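No value in this document is a laboratory result; all are computed from the given coordinates. Computed from a predicted model, the values in this text were never measured in an experiment. Here Cβ is always computed from backbone atoms with ideal geometry, including for glycine, and neighbour counts include all displayed protein chains.
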Amino acid sequence: MPEFKDELDKLRAALRDATPAPDEASKEAALRVAEKNFANLQGSATAVRPTDINPERAGFLKGLGQMFMKPNLKPMMLATSSLVIVGVGTVLVTRQPAPPIQPATVVEKVVAEPPAPASPAVADMEADDATTGRLMSRSSGVKRMKLDEAPAPISGARQPAPQAMAESTQSIATNGAFRDRLPQPQIAQSRDQFPDATPNPLKVTSEEPVSTFSIDVDTASYSWLRSSLSRGQLPDPKSVRVEELVNYFPYAYPVPVGDVPFQQTVTVSETPWNPDTQLMHIAIQGAQVTERPPLNLVFLLDTSGSMQDANKLPLLVQSFRLMLGQLRPEDEVAIVTYAGSAGTVLEPTKASERRKIEDALLRLSAGGSTAGGEGLRAAYALADQMSRDGEVSRVLLATDGDFNVGMQSNAELKGFVEQKRKSGTYLSVFGFGRGNVNDALMQTLAQNGNGQAAYIDTLAEAQKVLVDQLSGAMFTIAQDVKIQVEFNPATVAEYRLIGYETRALKREDFNNDKVDAGEIGAGHTVTALYEVTPVGSDAVLTDPLRFGTVAADGNTSDLAFLRLRYKEPGATQSKLLEEVVPVGSGDAGSEAAFSAAIAGFGQLLRGNTALGEWGYSDAIALANANKGNDEFGYRAEAVKLMRLAQSLSQN
Amino acid sequence: MRPTITMRMKTSDEALAQAASDGDSEAFGLLVRRHYDRLFRLSWRLTGHKADAEDLTHDILAALPAKLRGFRSDAKFTTWLYRVTLNAATDCARKAQRRVKARDGWGQDYTRRAAEAAETAQAQDWLTNAMRALPAELRETVALTLGEDLTQAQAAEVMGLSEGTIAWRMSEVKRHLREMATEEAR
């Protein structure tokens, strides 16, 4: 990298180098439209005429409308836009036929209306925007164009009936994700966002004997995977987090005795996909809570326009209603929505007044754009107001996307959540719907808010997260749980942590109580897997260093040393647990074997090459053989998904 | 005599804009062709995504005929155009956050970034991080001063701010970048 005078210089160079060349086709299209509009503006074309603009391109009109209508606070801008508004009132911009996806009723009305002063259109467009929100795609721009040209005297007249609006949004949605112009084949259409994380690399024990990570009880990745596979698509490899797949399932691990919050169990067995390596399986079983303190829950619900799909707001309302049944009379619930502006829909209400809460939930409707930052502030303010000593306060955020109004950057949002966590209010994040999920932000928020990130794609998933495992999601029994494993270079040549890529910690962070880590909820099980290559195994991939330090001889009876740190809820000082893992491979037991099958499945989806010939059929066989009790049918479902993935991967 | 196209190749932006605003379609055509690339570059620097930049440019151009009536030839055309662009980018972002992440651009659209494989070089990552770390108004300022090579005075004129504000903003940008560098080093 060349030397730069200063940071600004570097930024200048980077900006210059990265700017792509304009696309000729887009350029021509834009220029043509500009010229056509120019011609129309001269009054040469007053009749409706066909254009070459396909519906998805019609968004430019929206931009046009916005430029006219949006007052800008900067004084100079005000000057320009007021000039333009004057112009709009007197000049016909253009006339265009309705795109096919616009419901005919709406458009006809618009076209038929006589010209009127521009100003009513401003209000009308704002209203329009608020209702359809961000789902409003390019096609809606056409309607706005009409507004510019022939604003209606009565805004209500053009406002479509709710059904019509729903229909129009629906058709936009189904014609859907085509934000991209035609000649852009490589650009994926979805705006779902996932954090980048390359799989954990193989570590050589003599070089790096210590591995440190935070536990992860999120399950979002599994539900995401299920929803992808059910739609007949292999999931984006980046969306697959192996540890979240593994931790989706409840396991019957040995339960803690006495007053420790959890019990850890380590087993070593043969790796299913490689007979020459071993799988070290770390199992943590959290204690069940018998007496729980009262809960204060603030539902922070995204009711922006895009939430009106059946798998979003309606599912959300259903899901939260399911959960109400699990609450006790003394628990309190409040509801805050965010869309355009944040609002408190339900003041803190005792769970015993279930009717009132349900009514509030059922009244929710989608509309407006997302003002997440503001909503989050309002929700925390309510939570503060509700919380009393000994009670547990939690904000439950349900959304289909990210926030980008209000707090400016993800870092700022994260800092806010983190600060609130310290004051004792936690945050859990529930994702709904597809096409717009910001998985990366969900992860960040939940991780920093001492909460769980779950993705709810079906009512059954809501049942699992909010009913069957509610106490785990709501009651933290140990927080900042960190795992550190030191491998013995005399017995372990190489090792690899499977999953937990987004949860890696630095070695020194283990003893630093200020460093945040994952939480264990009541009854949660957490599983971590290492693939370990013993010294002398055929599977050792690296050659020993010629001049390196000779591996310490002597202790050949220990495989590894496990350290665990956790804090009691609310404590600032961590406690340490230690355990020696002896050399020797045994039978994993069906719980560990099932987790290995899922870990293998996840790695297959990520395209991990360490698995060799081991494929979906092997994962299916292993999972099938170790279904165990499977009271809720989760494991059977996993096998179904594996078979789906197998078929899809053969296409 | 009507000026020929060749003659007009040398005509100033301002004169072309004036002619266009008086209804000369040829002048308008020349003007937009002359400025498309500049407009696109600035749009890209404001949004951080090629598709978004194309959309934004398209929107601005489509609206330009009407907007041009607000153009006064006592201002420099490019200054005016920059202003229009910033304004449009801000509006688009505010109104249709989902569609164009222009002002709140440089979002972490991983899927798309992966697809635009050529762009995900290390430098680009640094750039993306750097731009994302900046608040919107600093990003705009950077796009004008570093991206378009405007002087602080010119940028101030475009944004309707004092030169001192731009100078201060650039020092803020520097501070952000330094912070980023120290964080990276950790």
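Values computed for the structure shown
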{"item": "Net length gained if the chain between A:Gln288 and A:Ser585 were fully extended (0.36 nm per residue, minus Cα distance)", "result": "103.9 nm"}
{"item": "Positive minus negative residues near A:Arg16 (Lys, Arg vs Asp, Glu; Cβ under 10 Å)", "result": "+1"}
{"item": "Extension reserve of the A:Glu613-A:Asp630 stretch, reckoned as 0.36 nm per residue once the Cα distance is removed", "result": "3.3 nm"}
{"item": "Links that overshoot a 28 Å alpha carbon limit, given the list A:Lys356/A:Lys422; A:Lys36/B:Lys50; A:Lys238/A:Lys422; A:Lys238/A:Lys575; A:Lys312/B:Lys50", "result": "A:Lys356/A:Lys422; A:Lys238/A:Lys422; A:Lys238/A:Lys575; A:Lys312/B:Lys50"}
{"item": "Cα gyration tensor category, rounded, prolate or oblate, for the range A:580-622 with a/c compared to 1.5", "result": "prolate"}
{"item": "Peptide-level mean, for A:236-243, of C-beta atoms on other protein chains within 10 Å", "result": "1"}
{"item": "Cα centroid separation, the range A:227-294 to the range B:123-186 (Å)", "result": "45 Å"}
